[in-house]
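Down below is the structure, laid out as structure tokens.
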Amino acid sequence: MSSISPSSTSLNSTSQDSIYQGSLSRARHVLKDVFGYDEFRFGQEPVIAALLAGEHALAVMPTGAGKSLCYQIPALVFEGLTVVVSPLVALMTDQVAALKLAGVEAETINSSRAYEDNADSWRRVAGGQTRILYIAPERLMTGRMLSALKRLPMKLIAVDEAHCISRWGPAFRPDYEALRELGEHFPGVPIAAMTATADAATREDITAKLFGGRGQSVVTGFDRPNIQLGVEMRANGKQQLLSFLKDHEDENGIVYCLSRKKTEETAAYLRAEGIRALPYHAGMNDLDRTNHQGAFMTEAGTVIVATIAFGMGIDKPDVRFVFHADLPGTMEAYYQEIGRAGRDGLPAVAHMLYGLDDIRMRRMFIDQEDSADDHKRREHKRLDTLIAFCEAPSCRRQMLLDYFGETTQPCGNCDLCTNPPDLTDGSDAGRLVLGVVNDTGQRFGAVHLIDVLRGGDTERIRSFGHDRLAGYGAGKDMDKNAWRSMIRQMVAAGFLQLDVKGFGGLSITEKGAALGHGDEEFRYRADTVHRQSAAKSRKKTPAAASDLSTADTDLFSVLKAHRLALAKKKGVPAYAVFPDKTLAEMARHRPATTVAFAEIHGVGQAKLEKFADSFLDVISTFTETE
């Protein structure tokens, strides 16, 4: 599996290059004519180029980076059918609705639709009218569906949320496992795998299963700099949540809770406090879940209080905050969940509460899983990494990105950057840890290392002879919890590396070696008690309109109301008509003709024909009455 930089071409052969340059030219026309964009976003072009050249491609891009266009554009360039595998009905429905508004012949066949509707969709697919078919993995991989699709001119297969196929990922789904047979059923058909959440082990697993290790890999990076990160210890969880939401009035956001019971209780509490909060969890009936999701997608100022049953594939660009009322399960899960905020690239906030009860519950969940011991061990180590993130002594974004293999400077947009904690010099204690890590062979986890540091009398220590090490008992004056926190912070600060894929052993990094030689210092948070969030009162102006004049902001609000009315009439999410960014540009430039309207970002040919007249009328009326 070769890996490429997003700015480089994915093919080396001059002859191959000349073959698909024409396809790339057509791809750029599709980008402008259908979707209304002038330029590809960072990372999109190499993925599209690989697929147009008939190669498999894995795209790992942050949420909101435009992964869908990476397969939708090749689907429209190719003459034939593209099948998109998607895990959620809601996502498929929204994607198809948005594509149809853009003039693309797209269909979905799924369990939420009546038999007659699915049959009508299939007739259009079989008749060659449909360019893109969205379908769930369990329906796709039936013998009957595979046989039917083999009779059609299949040109491309796209697997969305591809991390679901990997047991290394945060959301493995058994129904994705069968997708590894796609290459056998459709030889020669390029496969696109799309995800925002995949560390190195997960990426390797995805490409091995879907591509047999062949193809291209484009990893554009994991940073979402527009999302402000914050973490605090839970003191009075309900009051902390309420205080946060008071700073985010009239904004759409998600509050994640660990249990269904807490989801219901939290939503009821917020409603009693005057906040439009709706619960969402797998224990609710389908109608209520659908209605609550619909309200969140279309009505301003709606807060969804949910378990992780809500979120994957929720394609709503203007979610302004994600609040974790409880600790997530892993760093991957945390990253995926906060990625639902700020998909429009505008400022958003991700805030988390955590406490000792969270950690205990997460440990219990892992231990109660029906899984092998090595899997449980890995999950405990993943949780250790997340706790280290919570206790990080410095920039949170640095640690989050380091987990996915990226390095960055302090971000200036997290609570630890804007409100630095008091740090204590822990260099001497850190060197004690490094000494024990080194002397035990850099392969043991924190529990054993702490036992050695505290002079424990365990069978494991005796069997390895670790009671004879220089560091044995050197840290007996600190209790286990203090050592755990210190080691987690050494991981967070990059002095130690945790082997999640193996047995959870700790090894010394280059930075750790420098500390050991006296060329670095280690400063840590001796006290990780409650810290106030840096995410205090913010402008109530919509994020997309933050740079508009007062008059233009008023027009922006009128355009949003008009968009919502159109969306309700058509039964689609408001953003599927136009995103906020497009409305803001309309308010700023106030186009007066169809030609001028066509130049607005996000206005393709089909939407120009469907919506130009009505939006031009709104702009004209507003301007005349100012």
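The values are calculated or read from the model by the stated rules, or taken from the named source; none is laboratory data. Given the structure is predicted, the values throughout are model-derived calculations rather than measurements. Here the Cβ positions follow ideal geometry from the backbone for every residue, glycine too, while neighbour counts run over all protein chains shown.
Output the residue which, of all residues in the stretch 609-619 that are free of Cβ contacts under 8 Å to residues at least 40 places away in the same chain and crowded, with 17+ Cβ neighbours inside 10 Å, is nearest to R590 (Cα to Cα). So, considering only residues that are free of Cβ contacts under 8 Å to residues at least 40 places away in the same chain and crowded, with 17+ Cβ neighbours inside 10 Å, the one nearest to R590 (Cα to Cα) is L616.
Of the candidates D326, D318, the single residue that is closer than 23 Å to K581 by Cα, outside any helix (DSSP H, G or I) and in contact with a helix residue (DSSP H, G or I) (Cβ under 6 Å, 6 or more places away or on another chain) is D318. Taken over the stretch 600-618, residues that are out of contact with any Gly (no Cβ under 9 Å at 6 or more places or on another chain) and among the basic types (K, R) amount to 0. Residues in the stretch 448-473 that are surrounded by fewer than 18 Cβ atoms within 10 Å (Cβ to Cβ) and among the hydrophobic types (A, V, I, L, M, F, W, C) were compared, and the one that is farthest from the chain's Cα centre (by Cα) is A470. Of the residues that make up the stretch 231-245, is at least one surrounded by fewer than 20 Cβ atoms within 10 Å (Cβ to Cβ), modelled with pLDDT under 90 and in a helix (DSSP H, G or I)? Among the residues of the stretch 231-245, not one is surrounded by fewer than 20 Cβ atoms within 10 Å (Cβ to Cβ), modelled with pLDDT under 90 and in a helix (DSSP H, G or I), which makes the answer no.
Contact map, the stretch 83-109: residues that are buried (at least 20 other Cβ atoms within 10 Å of the Cβ) and acidic (D, E) paired with residues that are modelled with pLDDT of 90 or more and assigned to a strand (DSSP E or B), Cβ distance under 7 Å, separation 6+ or inter-chain. Pairs shown: E107/L133. Of the helices (runs of 4 or more DSSP H) entirely within the stretch 128-203, those holding at least 1 residues that are touching a His at 6+ places or on another chain (Cβ under 9 Å), surrounded by fewer than 24 Cβ atoms within 10 Å (Cβ to Cβ) and at pLDDT 95 or above occupy 143-150. Only helices (runs of 4 or more DSSP H) whose full extent lies in the stretch 439-516 are considered here, and the ones with at least 1 residues that are in contact (Cβ under 8 Å) with a residue 40 or more places away in the chain are 446-453, 480-492, 510-516. Figure legend. Inter-residue proximity from the stretch 233-254: first residues farther than 19 Å from L346 by Cβ, second residues among the polar types (S, T, N, Q) and outside any loop (DSSP other than H, G, I, E, B), beta-carbon distance below 8 Å, spacing 6+ or different chains. Indicated pairs: R234/Q240; K238/T266; L241/T266. In the condition set (1) among the charged types (D, E, K, R); (2) within 28 Å of A178 (Cβ to Cβ); (3) at pLDDT 90 or above, D94 is compliant with all but (3). Residue count for the stretch 209-230 under the criterion of being surrounded by 15 or more Cβ atoms within 10 Å (Cβ to Cβ), of a type outside the set (V, I, T) and over 16 Å from R320 (Cβ atoms): the result is 9. Taking the conditions exactly as written (in contact (Cβ under 8 Å) with a residue 40 or more places away in the chain, among the acidic types (D, E) and farther than 26 Å from K476 by Cα), does D367 satisfy them or not? Answer is no for this residue. State yes or no: is R260 charged (D, E, K, R), within 29 Å of A97 (Cα to Cα) and either under 21 Å from the mean Cα position of the chain (by Cα) or crowded, with 16+ Cβ neighbours inside 10 Å (or both)? Judged against the criteria, R260 is not a match. Consider the stretch 253-277 and keep the residues that are in contact with an Asp or Glu (Cβ under 7 Å, 6 or more places away or on another chain) and outside any strand (DSSP E or B). The one that is modelled with the highest pLDDT is C257. Is it true that Y280 is closer than 24 Å to L91 by Cα, buried (at least 18 other Cβ atoms within 10 Å of the Cβ) and in contact with an Asp or Glu (Cβ under 8 Å, 6 or more places away or on another chain)? No; evaluated as a whole, the condition is false for this residue. Once the stretch 584-608 is narrowed to residues that are under 15 Å from A551 (Cβ atoms) and in contact (Cβ under 8 Å) with a residue 24 or more places away in the chain, the residue that is surrounded by the most Cβ atoms within 10 Å (Cβ to Cβ) is A584.
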